[in-house]
1. Name, by its number, the condition in (1) small (Gly, Ala, Ser); (2) modelled with pLDDT under 95; (3) farther than 20 Å from Trp638 by Cα that does not hold for Gly560.
2. Residue by residue through region 29-82, note down the ones that are out of contact with any strand residue (DSSP E or B) (no Cβ under 7 Å at 6 or more places or on another chain), farther than 17 Å from Ile96 by Cα and assigned to a helix (DSSP H, G or I).
3. So the check is Cβ under 6 Å with 6+ separation or different chains; which pairs have a first residue in region 370-398 that's under 19 Å from Pro479 (Cβ atoms) and a second one that's among the basic types (Lys, Arg)?
4. Could you go through region 559-577 and let me know if any residue there is assigned to a strand (DSSP E or B), among the charged types (D, E, K, R) and either closer than 20 Å to Leu397 by Cα or open to solvent by 20 Å² or more (accessible area, probe 1.4 Å) (or both).
5. Residues that are under 28 Å from Gln153 (Cβ atoms), at least 2 per element: which helices (runs of 4 or more DSSP H) completely within region 164-271 meet that?
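The values are calculated or read from the model by the stated rules, or taken from the named source; none is laboratory data. Just so we're clear, the structure is a prediction, and the values are computed from it rather than from any experiment. No Cβ is skipped: glycine too gets one built from the backbone with ideal geometry, and neighbour counts run over all protein chains shown. For the accessible areas, the whole protein counts, side chains as well, though only heavy atoms, and no ligand, DNA or RNA atoms are used. Shrake-Rupley method; radii C 1.70, N 1.55, O 1.52, S 1.80 Å.
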Amino acid sequence: MITVTTRAPFVSALLLLGVSAAPAAELTTRRDLHVRTNLIDGGMPTALIVKPGLGDYNAAIDVLQVRLKKLTGKRLPVKIGQDLVEDDFRQHIIAIGNAQDSAFVRRLLWERWVLDRWYPGDTTWAVRSVHDPYGTGKNVLFVGGENPGTVVQAAVGLADEITGENDTATTGWVMRFETPKRGAPLDEAKIQYATKRAAEGLKFKNGRKLISAAASAGHQYYKTGQDGWAKSFLIYMRHHDQLDGPGMGTHMNVYDTISVWDLIEESPVFTDEDRLFVAKRLLAIMRSKEGAHHGFFRKGTKPPSGVRHNHQTLPGLACLFGGRYFKRGYGLAEADEWLAAAQALFDGQKISHKPQCDCNCYEWGTLYQTAWWSRAGGDHSFFENGSYRTAAERALLELDNRGFSAPNGDFWSLTYFPAYVFRHAAEFYRDGRYEWALRRNPAQKRVPAERRGIADVVRGLEPVEPVDLIGISVAPMAPHFYNARNTTMPSEPEANIPLDQSFDKLAFRGGLDANDHYLLIDGIGMGSHGHVDVNGFSHFTANDRIWFTDVCYAEGPNMGDHNVVTVMRDGRTAPPPPLAKLAGTHYDKDIGFSETQLPDYFGQDWNRHIIWSRNRYFLVLDELTARQAGDYTLRCLWRSPGVGTLSKHTLTLSQQ
């Protein structure tokens, strides 16, 4: 398990050091870039080398020390990452290594100050300058690679950048790789294609398309150093600036654009005019309803606190990354308020393993976005209090035996896989069961299994089959979701059963092979992006085939669109209660039983009994008992792909 030493507890205070607050104002000049990194100044060391706690990286350090000794006769002090204290951040830092071996590099990765990761055997390397990440006016020079050998090559690259004589050794902006630049340069045709895409986004007033394309181009420039990607970034940003307002959907991706801009702004490929333009455009977005003043986001920053939605957490991330950018760079007082608003929003989610959504895709977005905030902002309680682990366990339970997420709620794909959730959980909790899920991910069949997991951030985590899931498993109801009607989801129906009798999901699993039985039952019929499918079968697979499914979006959200029993009384119907009751389960020696109940369903009590002979058959008995008199029509519905043949009371399904 990653301890607090991977993330020093004083970072929030460090963000305040050397930064003075200013009232809201228009920007007239670009920020102080802190381009120079003086390693030796006036004959005195003004930097610290931070070495990994694992592995022998002394050869790489020696390369740098020899260069500094030659230029100035001085050497730099060396420390291990987990031993850093607050005063160490008042000087420049040379960070050596990778996330696998260095606690400090892992911290930089979590905070999005570096984005480089390497799998075992990778031969590439990178040297980067990270300018003023902690608001102290001091920089970080990252010298990274997968192993001590490649890091030596990276150290040679940095040594070539260091200049000086007598009592000074310094370097400026650095972006160096194992080759001068990675990949092919963007020719004029590709630049024109970016211009065409940007024009289309502008025509349709698609702010999200433009801002996400800018972020993508920024990431490509960061990865490759190809100037064409920087040019494309500016093309998308300038078209975004031509929108009438901040652009619909911009709030969904502006966090990514700001955070990557913070990493590339100092590059000489950009002019001061470019830098001021981008900063002004990003500030305009942050001051708008697609940024820090997004209405739904702001609603989540006020009492009562409770579970959140992805259209709140995405602006929340914008407030985190936008807040730290405009606080450090421009000293804007409003940036403090953005950071505080983000904290208030995520405070409501970090204590819950389920957000507002009951949907085996959308809900993971809110949760891994909360994890991004937790990692980048330094508040690890979301991980430490067990909320994220419980969420990851539910994600694991909701994987079918083909390796994909079982559809329920608003769903558009039969091949969805919550990779971010499993990556975060595997890295923090060091649980090989999540590594097993990642390596098994069939959506990445063309990627070697060992490169699907987290070997790019953690060494030696072996996959472990989750045999504990074989049999019958229950995902518990999240108390804060259960109570959301009284906090952040007042329009949702009131809970109809006590919390301790409710459940989120129930799964039967005959094994871990795609041919084994997998059946998922939904205990919830409410929530954002959720469907009215309570007590229904969400998904059934066997023989590497899907037999019952629930893959639909807004076209099929109602009770009659699912594998359920519907009730009509006197020619009318009504929505069912929102929560099913788990009366009991039992599994022993390849035989399993469950009983789930939906009390007072439009005048009926519906009990669904399941008898299971593992990997042989399911026997389902739906028992309905009238609570009041009436003329009832009861229909048992099954949604199945394939060819169906009905003979008297027998339905036979076949697939190719």
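1. (3)
2. Result: Lys69, Lys70.
3. Ser381/Lys350; Phe382/Lys350
4. Among the residues of region 559-577, at least one is assigned to a strand (DSSP E or B), among the charged types (D, E, K, R) and either closer than 20 Å to Leu397 by Cα or open to solvent by 20 Å² or more (accessible area, probe 1.4 Å) (or both), which makes the answer yes.
5. Those helices (runs of 4 or more DSSP H) span 207-224, 227-241, 254-264.
Okay, residues lined up against (1) modelled with pLDDT under 95; (2) touching a Gly at 6+ places or on another chain (Cβ under 6 Å); (3) β-branched (Val, Ile, Thr); (4) under 30 Å from Thr124 (Cα atoms):
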position	(1), (2), (3), (4)
Tyr193	no, no, no, yes
Asn206	yes, no, no, no
Met237	no, no, no, no
Val260	no, yes, yes, yes
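Every residue, every condition in (1) at pLDDT below 95; (2) over 21 Å from Pro442 (Cβ atoms); (3) part of a loop (DSSP other than H, G, I, E, B), yes or no:
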{"position": "Leu461", "(1), (2), (3)": "no, no, yes"}
{"position": "Thr488", "(1), (2), (3)": "no, yes, yes"}
{"position": "Ser491", "(1), (2), (3)": "no, yes, yes"}
{"position": "Leu506", "(1), (2), (3)": "no, yes, no"}
{"position": "Gly511", "(1), (2), (3)": "no, no, yes"}
{"position": "Leu520", "(1), (2), (3)": "no, no, no"}
{"position": "Gly530", "(1), (2), (3)": "no, yes, yes"}
{"position": "Asn535", "(1), (2), (3)": "no, yes, yes"}
{"position": "Phe540", "(1), (2), (3)": "no, no, no"}
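Let's see how each residue does on (1) open to solvent by less than 10 Å² (accessible area, probe 1.4 Å); (2) in contact with a Gly (Cβ under 6 Å, 6 or more places away or on another chain); (3) over 30 Å from Asp516 (Cβ atoms):
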| position | (1), (2), (3) |
| --- | --- |
| Pro355 | yes, no, yes |
| Thr366 | yes, no, yes |
| Trp372 | no, no, yes |
| Glu384 | no, no, yes |
| Arg389 | no, no, no |
| Arg402 | no, no, no |
